[in-house]
1. Condition check: in contact with a Lys or Arg (Cβ under 8 Å, 6 or more places away or on another chain) and open to solvent by less than 10 Å² (accessible area, probe 1.4 Å). Does residue 124 satisfy that?
2. The conditions are (1) open to solvent by 10 Å² or more (accessible area, probe 1.4 Å); (2) in contact with a helix residue (DSSP H, G or I) (Cβ under 8 Å, 6 or more places away or on another chain), and residue 273 fails exactly one of them. Which is it?
3. Kindly provide the set of residues from the stretch 161-186 that are under 19 Å from residue 16 (Cβ atoms), of a type in the set (A, V, I, L, M) and in a loop (DSSP other than H, G, I, E, B), ordered by number.
4. I'm trying to understand the selection: among the residues of the stretch 193-207, which are in a loop (DSSP other than H, G, I, E, B) and within 22 Å of residue 50 (Cβ to Cβ)?
5. Within the stretch 114-127, track down each residue that is in a loop (DSSP other than H, G, I, E, B) and touching a residue at least 60 places away in the same chain (Cβ under 8 Å).
6. Please specify each residue of the stretch 16-51 satisfying the condition of being free of Cβ contacts under 8 Å to residues at least 24 places away in the same chain and open to solvent by less than 40 Å² (accessible area, probe 1.4 Å).
7. For residue 163, which of the numbered conditions (1) polar (S, T, N, Q); (2) without any contact (Cβ under 8 Å) to a residue 40 or more places away in the chain; (3) surrounded by 23 or more Cβ atoms within 10 Å (Cβ to Cβ) fails to hold?
8. For the subset of the stretch 193-210 comprising residues that are on the phi < 0 side of the Ramachandran plot, open to solvent by 30 Å² or more (accessible area, probe 1.4 Å) and out of contact with any Ser or Thr (no Cβ under 6 Å at 6 or more places or on another chain), which member is modelled with the highest pLDDT?
Amino acid sequence: MLLIDRATVRELYPVPRALPVMAEAMRRYSRGQVDLPLRTVLRPEKDTGLLGTMPGFVAGDDLAGYGLKAMVLKPDNPARGLELHIGVVMVFDPGTGAPLALMDAGAVTAVRTAAVSAVATEALALPDAGDLAVLGSGVQARSHLEAMSLVRPLRRVRVWSRTREHAEAYRVWAATELGIQVETVSTPAQALAGADLVCTTTAAKEPVVQASDLAPGVHVNAVGASFVDHRELSSQAVAGASFFVDSRESALAESGDLRAPLTDGLVGPDHIRAELGEVLLGTRPGRREDTETTVFKSLGLGVQDIMSGFAIAEEAAVRGLGRTFELD
């Protein structure tokens, strides 16, 4: 079995490499080539953290087989200088079922999530979209800026964060690492004003995006709220948008952004226009009008982690990277 650390994952699996893998993952999911139970979340009463597990099986000619992701969320980790989410992705040999590779899940998640948003942006955003608003300034905000720059020419970028110092650090990082100039702003509304491309990557439990703040024709990648009791978009913002998801089943069961307007009676279950994979396959339409608001609600699916895990393991074997560990 290969053990692959965070730095090696980043080396082996940059965002450009992940883009075609994630597009194929979404197609396979919507084509019915994937077996995935809903994620299991364990929230013990005697601990402030939680454990999420996402097993699955992916069929196909390559990057296929059994795999899983297991991640622990520890609210106190950022104060310790650690990431909020820590865990592993594991994939198994397609022939024998033996453990094939174990790797850092945080690095995989950062890249695969941003790559899926880039695939959604390419499919749903206006061709000339390039005024980007980023809400949040953490790991996902950084990977999403890189991903957006790969699929649209960015002419302006604004970032909002609850902590001004974090927004300023993001600005410096973007200029230094990506050569992209970013403006820091004081409110979500200031970031969203006139933006035709939005990435929400916050840990918000209450909406930070109001319908009145969204410009006509905007595309929103709603990434941060991945639990049923979290939401980034107001009910009115969701109700007024053409709503796309990675998985119908997951969105209806787990998305606070969708369940809130459902509870409010503003939308019905058929408010979901399509899964992203269906748009990529051409079985359902994407954007229909230049002035419509499109929202892609990203919850994250095990197929994304599993296919990423196989891609990373394959590249590590070719390049002789990672550490070999024998279980017996």
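The values are calculated or read from the model by the stated rules, or taken from the named source; none is laboratory data. Bear in mind the structure is a predicted one, so any value in this text is a computation, not a measurement. Cβ coordinates were reconstructed from backbone atoms using ideal geometry, including for glycine residues, and neighbour counts include every protein chain displayed. Calculation scope for accessible area: heavy atoms of the full protein, side chains included, ligands and nucleic acids excluded. Shrake-Rupley method; radii C 1.70, N 1.55, O 1.52, S 1.80 Å.
1. Numbers: in contact with a Lys or Arg (Cβ under 8 Å, 6 or more places away or on another chain): yes; open to solvent by less than 10 Å² (accessible area, probe 1.4 Å): yes.
Judged against the criteria, residue 124 is a match.
2. Only one criterion in (1) open to solvent by 10 Å² or more (accessible area, probe 1.4 Å); (2) in contact with a helix residue (DSSP H, G or I) (Cβ under 8 Å, 6 or more places away or on another chain) is unmet by residue 273, namely (2).
3. 180 - this is the single residue of the stretch 161-186 that is under 19 Å from residue 16 (Cβ atoms), of a type in the set (A, V, I, L, M) and in a loop (DSSP other than H, G, I, E, B).
4. Filtering the stretch 193-207 down to residues in a loop (DSSP other than H, G, I, E, B) leaves 193-196, 201-207.
Matches in the stretch 193-207: 201, 202, 203, 204, 205, 206.
5. Going through the stretch 114-127, the residues in a loop (DSSP other than H, G, I, E, B) turn out to be 125-127.
Result: 125, 126.
6. 50
7. Every listed condition holds for residue 163 apart from (3).
8. From the stretch 193-210, those on the phi < 0 side of the Ramachandran plot are 193, 195-210; that's our starting set.
So of that shortlist, the ones also open to solvent by 30 Å² or more (accessible area, probe 1.4 Å) come out as 193, 203, 205-207, 210.
Narrowing the set further to residues that are out of contact with any Ser or Thr (no Cβ under 6 Å at 6 or more places or on another chain) leaves 193, 203, 205-206.
On the way: 193: 97, 203: 87, 205: 90, 206: 94.
If we take residues in the stretch 193-210 being on the phi < 0 side of the Ramachandran plot, open to solvent by 30 Å² or more (accessible area, probe 1.4 Å) and out of contact with any Ser or Thr (no Cβ under 6 Å at 6 or more places or on another chain), then 193 is modelled with the highest pLDDT.
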